[in-house]
Amino acid sequence: MKASGPKRAGHDRKLRAIAELLDHTMRMIYSQCFVEGLNPAQWSALRYLDRANASSHTLTNFARVHCVSKAAASDTIAALARKKLVVKKKDPHDGRVTRIDLTDKGRKLLGSDPLNLLIEALTKLLPQQQEVAAEVAAIAARGVYATIADRSPTQSPSDNRSRDRRHGSNSAR
């Protein structure tokens with residue numbers, strides 16, 4: 001049975017406060033991502049290439065994982081290639097596939113990743129707190145993704161963003 005009335009309202013306020021704190025924290029980090037001539041999407045691509053399995057280093061996989069259109073992913077990767085932070089090369093086993101890899105310069109740049117601010121803060125948690133934080137973050141991410149996907153069952157969240165751009169909506173920007 002769901003709580004109602006003042007008890008429910010207090011619960012909702014607490015959850016809203018948590019959500020706003022997370023949002024504020026991520027916005028602080030996001031604001032720091034406009035350094036080294038990069039933007040947040042480019043930092044995200046560097047992180048992805050640093051941690052993903054080498055077989056996943058394709059434009060399609062990057063776009064899918066980050067819920068962006070292939071066109072947006074292509075723009076991001078092209079900018080990183082121009083900056084010599086990634087290299088693109090044809091897959092030797094499938095000429096239709098382009099592999100994307102970090103260069104030494106790209107790998108080195110990750111040492112100044114603005115996300116390290118959050119990682120440093122998380123190191124101050126006790127190990128069991130880190131486990132709880134990881135579980136909470138995973139549950140929240142899955143829940144948000146599922147809600148977005150449920151809004152349009154035939155499209156992924158990246159498809160929604162592409163549609164919004166085509167129709168001039170600012171909601172996805």
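The values are calculated or read from the model by the stated rules, or taken from the named source; none is laboratory data. Keep in mind the model is a prediction, meaning the values are calculated, not measured. Every residue, glycine as well, gets a Cβ built from its backbone with ideal geometry; the counts of neighbours run over all protein chains shown. For the accessible areas, the whole protein counts, side chains as well, though only heavy atoms, and no ligand, DNA or RNA atoms are used. Shrake-Rupley method; radii C 1.70, N 1.55, O 1.52, S 1.80 Å.
Selection of the range 97-122 for residues being under 16 Å from residue 77 (Cβ atoms), part of a loop (DSSP other than H, G, I, E, B) and not hydrophobic (A, V, I, L, M, F, W, C) yields only 103.
Residue 68 meets the conditions (1) open to solvent by 50 Å² or more (accessible area, probe 1.4 Å); (2) within 24 Å of residue 26 (Cα to Cα) in every case but one. The failed one is (1). Scanning the range 73-97 for residues that are of a type outside the set (Gly, Ala, Ser), within 19 Å of residue 56 (Cβ to Cβ) and open to solvent by 50 Å² or more (accessible area, probe 1.4 Å) yields a total of 7.
Out of the range 102-112, which residues are in contact (Cβ under 8 Å) with a residue 24 or more places away in the chain, under 15 Å from residue 54 (Cα atoms) and open to solvent by less than 40 Å² (accessible area, probe 1.4 Å)?
Once the filter is applied, which keeps residues that are in contact (Cβ under 8 Å) with a residue 24 or more places away in the chain, under 15 Å from residue 54 (Cα atoms) and open to solvent by less than 40 Å² (accessible area, probe 1.4 Å), the range 102-112 yields only 102.
Residue selection: residue 158 satisfies the criterion of being modelled with pLDDT under 95 and either under 16 Å from the mean Cα position of the chain (by Cα) or charged (D, E, K, R) (or both).
Within the range 123-155, if we keep just the residues that are modelled with pLDDT under 95 and assigned to a loop (DSSP other than H, G, I, E, B), the residue that is surrounded by the most Cβ atoms within 10 Å (Cβ to Cβ) turns out to be 155. Inside the range 68-96, residues that are within 26 Å of residue 32 (Cβ to Cβ) and outside any strand (DSSP E or B) make up a count of 16. Annotation: of all residues in the range 31-57 being of a type in the set (Phe, Trp, Tyr) and without any contact (Cβ under 8 Å) to a residue 40 or more places away in the chain, the one that is surrounded by the most Cβ atoms within 10 Å (Cβ to Cβ) is 48.
For every residue, the table says whether it meets (1) under 15 Å from the mean Cα position of the chain (by Cα); (2) modelled with pLDDT of 95 or more.
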| residue | (1), (2) |
| --- | --- |
| 5 | no, no |
| 8 | no, no |
| 27 | yes, yes |
| 37 | no, no |
| 49 | yes, yes |
| 82 | no, yes |
| 87 | no, yes |
| 98 | no, no |
| 106 | no, yes |
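Residue 8: surrounded by 11 or more Cβ atoms within 10 Å (Cβ to Cβ) and within 26 Å of residue 139 (Cβ to Cβ), yes or no? Taking the combined requirement at face value, the residue satisfies it.
In the range 9-57, how many are small (Gly, Ala, Ser) and outside any helix (DSSP H, G or I)? If you could, list the steps in order and put the result at the bottom.
Taking the range 9-57 and keeping what is small (Gly, Ala, Ser), we get 9-10, 17, 19, 31, 37, 41, 44-45, 52, 54-56.
Add one more test, that the residue is outside any helix (DSSP H, G or I), and what stays is 37, 52.
Within the range 9-57, residues that are small (Gly, Ala, Ser) and outside any helix (DSSP H, G or I) number 2.
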